[in-house]
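*Asks:* The structure's right below; bear with me while I get my questions together.
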Amino acid sequence: MTAPKLDFNFACQACGTAGLRMFYEVHNIPVHSVLLMDSRDEAQSYPKGNLKLGFCPHCGFIQNVLFDSKVHEYSTKCEESQGFSPRFNAFLKDLTLRLIETYNIRNKSVVEIGCGKGDFLELICALGNNSGLGIDPGIIPERQQHSEAWSRIRFIQDFYSEKYGDLTGEMIACRHTLEHIQPVRDFVNIVRRAIDKHPETVVFFEIPDIERVLSEVAFWDIYYEHCSYFSLGSLARLFRRCGFKLLNLQKDFGDQYLVVEAKPTKDPQTSVMPGEDDLALLSATVDRFERECTKTLARWKTQIAGYKAQNQKVVIWGSSSKGVSFLTTLGLSDEVGYVVDINPFRQGKFMPGTGHEIVPPAKMVEYKPDVVLAMNPIYCDEIAADLHKLGLSPQIVPA
């Protein structure tokens, strides 16, 4: 078997090794997926870019080599909250309680980098009687729930950088932010330097798992905003390289997320965490994704064209990045009538790229869909329950 060709024009942003294997490319996709678009015209004309994924055979990190951070607009127009889902809220509460119990995060100080709308920070401060600091350019103070815990939280509306290196605590959390950052090693090093004199500080990162995406050929989980992709092993190798001792490394949320918990160390860690030795597996998974992706795209196009030929009404459930990627990668238009979302802040807005209108579940009483494409299978039971309450029983097709 011929060894895959490497492109030496690019170096790995995690380990610095030159030579990446290119294996997936998609053009003309929205550079933002979670910005709120007020009109169909604005959504359809929003700037687009190209994506090409390169795999590092040395450490397993995957990056979009065509990524340009200057096109991004992280601001209060971003709406990424999953806090309207009971299924997600139950997961988040269990996760938060585990962190509190494992690391005794009670009456302590917690810093969250990329805190979004503050859901996790509020929860860990409420359940552990902690004080919190959230740093995020998209924070909207008036959106906060104003529970008792909010009196112990303050926010900085900005990107995390070296200038905030003196703001630390007993825990530094960073959830679903690292995948949006291209120079990942530089970023993790900033965090490491911030706690160099605080050896007991626990660092907690949570990001999507690329191994699942590749093995399921879930092309809708690949989009411009996510410029950096990790497996358990590549994540562990990055944190070790940046001077951390790993305390925990695992998958979570139906194996969709990766979790790493670590402390700063001066000594190399020799023990290997479960799941970390995955480089050969990941390389084989990249091979399979490259072979199967074209067939998967064709199969979805045929399936959706079949719905249209039978005059079946189709909607997508889930208007965030997965939905945007699914629509734009497949080039869908009137094959899908609406995009449904339970997040009230997204309702009445429009999908970047295609311009599909985002509507609340109640709209389905009038529309009466035949097929609901669930962008995240983990929510299928929740979607079915919502439809049942509306007196509807369409076919639910998990992506």
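*Asks:* Output the number of residues of the stretch 22-36 satisfying the condition of being open to solvent by less than 50 Å² (accessible area, probe 1.4 Å), part of a strand (DSSP E or B) and either at pLDDT 95 or above or in contact with a His (Cβ under 6 Å, 6 or more places away or on another chain) (or both). Reasoning before the result, please.
*Replies:* So the first thing to find is which residues in the stretch 22-36 are open to solvent by less than 50 Å² (accessible area, probe 1.4 Å), and the list is 22-24, 26, 29-36.
Filter once more, so that each one left must be part of a strand (DSSP E or B): 22-24, 26, 29-30, 35.
Now restrict to residues that are either at pLDDT 95 or above or in contact with a His (Cβ under 6 Å, 6 or more places away or on another chain) (or both): 22-24, 26, 29-30.
Residues that pass the stated criteria total 6.
*Asks:* Something else: Of all residues in the stretch 187-208, which are in contact with a strand residue (DSSP E or B) (Cβ under 7 Å, 6 or more places away or on another chain) and among the aliphatic types (A, V, I, L, M)?
*Replies:* 191, 195, 202, 203, 207 - these are the residues of the stretch 187-208 that are in contact with a strand residue (DSSP E or B) (Cβ under 7 Å, 6 or more places away or on another chain) and among the aliphatic types (A, V, I, L, M).
*Asks:* Please tell me if residue 332 is among the hydrophobic types (A, V, I, L, M, F, W, C) and either in contact with a strand residue (DSSP E or B) (Cβ under 6 Å, 6 or more places away or on another chain) or assigned to a loop (DSSP other than H, G, I, E, B) (or both). Steps first, please.
*Replies:* Details: among the hydrophobic types (A, V, I, L, M, F, W, C): yes; either in contact with a strand residue (DSSP E or B) (Cβ under 6 Å, 6 or more places away or on another chain) or assigned to a loop (DSSP other than H, G, I, E, B) (or both): yes.
For residue 332, the condition - among the hydrophobic types (A, V, I, L, M, F, W, C) and either in contact with a strand residue (DSSP E or B) (Cβ under 6 Å, 6 or more places away or on another chain) or assigned to a loop (DSSP other than H, G, I, E, B) (or both) - is met.
*Asks:* Right, next: Does residue 134 satisfy the criteria of being open to solvent by less than 40 Å² (accessible area, probe 1.4 Å), on the phi > 0 side of the Ramachandran plot and under 22 Å from the mean Cα position of the chain (by Cα)?
*Replies:* Details: open to solvent by less than 40 Å² (accessible area, probe 1.4 Å): yes; on the phi > 0 side of the Ramachandran plot: no; under 22 Å from the mean Cα position of the chain (by Cα): yes.
So residue 134 fails the test.
*Asks:* Go over the candidates 342, 304 one by one and state the one that is surrounded by 16 or more Cβ atoms within 10 Å (Cβ to Cβ), of a type in the set (Val, Ile, Thr) and in a loop (DSSP other than H, G, I, E, B). Walk me through how you get there before you give the answer.
*Replies:* Values: 304 fails: in a loop (DSSP other than H, G, I, E, B).
Selected residue: 342, the only one of 342, 304 that is surrounded by 16 or more Cβ atoms within 10 Å (Cβ to Cβ), of a type in the set (Val, Ile, Thr) and in a loop (DSSP other than H, G, I, E, B).
*Asks:* Which count do you get for residues in the stretch 163-181 that are touching an Asp or Glu at 6+ places or on another chain (Cβ under 9 Å) and either among the basic types (Lys, Arg) or farther than 21 Å from residue 121 by Cβ (or both)?
*Replies:* The qualifying residues number 1.
Yes or no, residue by residue, for (1) hydroxyl-bearing (Ser, Thr, Tyr); (2) part of a loop (DSSP other than H, G, I, E, B); (3) closer than 30 Å to residue 37 by Cα:
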site	(1), (2), (3)
274	no, yes, no
282	no, no, no
311	no, yes, yes
319	yes, yes, yes
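*Asks:* Let me ask something additional. Taking the conditions exactly as written (in contact (Cβ under 8 Å) with a residue 40 or more places away in the chain, touching an Asp or Glu at 6+ places or on another chain (Cβ under 7 Å), farther than 25 Å from residue 352 by Cβ and crowded, with 20+ Cβ neighbours inside 10 Å), does residue 121 satisfy them or not? Even if it seems obvious, please write down each step before you answer.
*Replies:* Values: in contact (Cβ under 8 Å) with a residue 40 or more places away in the chain: yes; touching an Asp or Glu at 6+ places or on another chain (Cβ under 7 Å): yes; farther than 25 Å from residue 352 by Cβ: yes; crowded, with 20+ Cβ neighbours inside 10 Å: yes.
Criteria met by residue 121.
*Asks:* Just name the residue that is farthest from the chain's Cα centre (by Cα) out of those in the stretch 215-241 that are among the charged types (D, E, K, R) and closer than 30 Å to residue 353 by Cα. Break it down stepwise before answering.
*Replies:* First pass over the stretch 215-241, keeping only residues among the charged types (D, E, K, R): 216, 221, 225, 237, 240-241.
If we keep only those that are closer than 30 Å to residue 353 by Cα too, we end up with 216, 221, 225.
On the way: 216: 16, 221: 8, 225: 9 Å.
Looking at the filtered set, the residue picked out is 216.
*Asks:* Any idea which residue in the stretch 148-175 is surrounded by the fewest Cβ atoms within 10 Å (Cβ to Cβ), counting only those that are part of a helix (DSSP H, G or I) and within 25 Å of the chain's Cα centre (by Cα)? Lay out the reasoning, then the answer.
*Replies:* Just the residues of the stretch 148-175 that are part of a helix (DSSP H, G or I), to begin with: 148-152, 162-164.
Still in the running and within 25 Å of the chain's Cα centre (by Cα): 162, 164.
Values: 162: 11, 164: 17.
Only one residue fits best here, namely 162.
*Asks:* Just give me the residues in the stretch 1-14 being open to solvent by 20 Å² or more (accessible area, probe 1.4 Å) and either in contact with a Phe, Trp or Tyr (Cβ under 8 Å, 6 or more places away or on another chain) or not in a strand (DSSP E or B) (or both), in sequence order. I'd like the intermediate steps shown before the answer.
*Replies:* Step one: of the stretch 1-14, the residues open to solvent by 20 Å² or more (accessible area, probe 1.4 Å) are 1-11, 13.
Selection gives 1, 2, 3, 4, 5, 6, 13.
*Asks:* Shifting gears a bit: Within the bounds of the stretch 299-317, is there any residue that is within 17 Å of residue 215 (Cα to Cα) and in contact with a helix residue (DSSP H, G or I) (Cβ under 9 Å, 6 or more places away or on another chain)? If you could, list the steps in order and put the result at the bottom.
*Replies:* Here is the first cut: in the stretch 299-317, the residues within 17 Å of residue 215 (Cα to Cα) are 299-300.
When the remaining residues are screened for being in contact with a helix residue (DSSP H, G or I) (Cβ under 9 Å, 6 or more places away or on another chain), the result is 300.
Looking through the stretch 299-317, at least one residue is within 17 Å of residue 215 (Cα to Cα) and in contact with a helix residue (DSSP H, G or I) (Cβ under 9 Å, 6 or more places away or on another chain).
*Asks:* Now a separate question. Among the residues in the stretch 59-80, are any assigned to a helix (DSSP H, G or I), touching a residue at least 12 places away in the same chain (Cβ under 8 Å) and closer than 29 Å to residue 345 by Cα?
*Replies:* So the first thing to find is which residues in the stretch 59-80 are assigned to a helix (DSSP H, G or I), and the list is 69-71.
Checking which are touching a residue at least 12 places away in the same chain (Cβ under 8 Å) leaves us with 69, 71.
Right, trim to closer than 29 Å to residue 345 by Cα and you get 69, 71.
Within the stretch 59-80, one or more residues are assigned to a helix (DSSP H, G or I), touching a residue at least 12 places away in the same chain (Cβ under 8 Å) and closer than 29 Å to residue 345 by Cα.
The values are calculated or read from the model by the stated rules, or taken from the named source; none is laboratory data. Worth saying up front: this structure is predicted, and the values here are computed from it rather than measured. Backbone-built Cβ (ideal geometry, glycine too); neighbour counts: all protein chains shown. Surface areas here come from the heavy atoms of the whole protein model, side chains and all, with no ligands, DNA or RNA. Shrake-Rupley method; radii C 1.70, N 1.55, O 1.52, S 1.80 Å.
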